[in-house]
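All remarks here apply to the structure that follows.
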Amino acid sequence: MKRKGLFILALCVTGTMFLTGCKGAHGGTKVSATGSIYECLVVMPSRPLAHPQEVVSASAYAEDIATTYDMVKAVMGADMPCLPQMEPYFKLTHVSPAAFDDFLKPTRNILIIDINPDKYTQTKAKYSIDYWSHPQAVYRIQAPDDEAFIAYWQAHGEEVREWFVTQEIERQKRFYRASTNKDTRAALQEHIGIDMLVPEDYMLIMDTILTSHSEAVPQRSGLTSNSEAVSVVWCCNNKGPMRRDLVVYAYPYTDVNTFTPEYLNAKRDEVLGQLITASVPGSYMGTEYKVFPPQMRVIQADPYKAEVRGLWKIYHGEALGGPYVSHTCIDEVNGRVITAEVYVMAPGQKKRNALRQAEAILYTLILPQEVNELQEVVVGR
């Protein structure tokens, strides 16, 4: 489970490496953080590597990895997977430790790498939330020499990047808690049996049952008992040239091979191919398999949750497409599989930030068994 792997690994490290967390040493009211989402300030020296590395092929990172900063840039600024244009995980700004002044300290995301043999005899790492500003995430790596830092970064660089991604997602979730669409949430609760913080500007388009005969009928009586049916709720934020959609669908859990890329991709094509069409008769939404095949990973163990990230396209119609992300999990109470997907359509525009903002909605999903668990905790108290 990659997003939690940073904390698990860090707690298990022995000898010269350990991870500690703090919530900030500064009391009182914090100033507002500066900078945009998915931007990161890197504070570190940049010295030549004894053994430069060649750039990874097919990467937007066009320079050889020749310095200590290049190593950080190759990970933090690597291409984000399954986007139609090359966009990095984070847009980086690099300054030396001497240039890191009070003007830069309120920056939204800061990675500080302090390499100093006079101050450190072992490698340490720690994180801070809202240290100089709010909302802010600061990750510090302290190492006695370049070799120690390189060893740490090679082992944990991707985990550091995922920690910053997690902080951005948590900020977006807090924003959604303040303003949600009551109609869409009610539809999800009634027809899918889940709760989710759907933003207020995501309008409900349809709540439907899709049958095995590709028929769609309005759902009015709650969760279906038809084993051949798929319950669907579809909503959309269609503001200006940037469109973001959320589709949630549930179907019976009957196959132990459900959580495989082949099964989930086929189910996606089946459901969204029936649901979403374009203006050309006979056109339908499907998954792009040739250019960027979908990527699947497990993001949560209990309850089990799988992520699939890929590209969608319109078949037999207009040249339309874009990125999507889905989360699939098991509704243990009703014996069903639930998939929640967001996808973005924004021709000619960068899509990373829009997709990440929509993706944060998926992390607010509450399953029926989780609702029951929360109720049990409240009663127990």
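What follows draws every value from the coordinates through simple rules; no lab data is involved. Values in this document were obtained by computation on a predicted structure and should not be read as measured data. Note that we place each Cβ from the backbone using ideal geometry, even for glycine, and neighbour counts take in every protein chain shown.
The figures follow:
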item: Alpha-carbon centroid distance for the pair segment 125-180 / segment 259-291, whole angstrom; result: 35 Å
item: Total formal charge among the other residues, if their Cβ is under 12 angstrom from that of Asn181, Lys/Arg +1 and Asp/Glu -1; result: -1
item: Ala319 paired with Thr258, simple spin-label distance in nm, labels 7 Å along Cα-to-beta-carbon; result: 3.9 nm
item: Within segment 273-363, trypsin sites (Lys or Arg not before Pro) in DSSP loop having at most 10 other beta-carbon neighbours inside 10 Å; result: Lys290
item: Segment Asp201-Lys182, extension gain: residue separation times 0.36 nm, minus the distance between their alpha carbons; result: 5.8 nm
item: Antiparallel DSSP beta bridges within segment 86-176, percent to nearest 5; result: 45 percent
item: Positive-end extreme of charge dipole, segment 29-128 - chosen from Val72, Leu104, Met86 (charges on Cβ); result: Leu104
item: Cα centroid separation - segment 323-374 against segment 30-49, whole Å; result: 29 Å
item: Pairwise FRET efficiency - Glu190 versus Asp101, Cβ, R0 = 51 Å, nearest 0.05; result: 0.40
item: Placed amide H near Trp312: partners under 5 Å, 5+ positions off or other chain; result: Glu288, Gly322, Tyr324
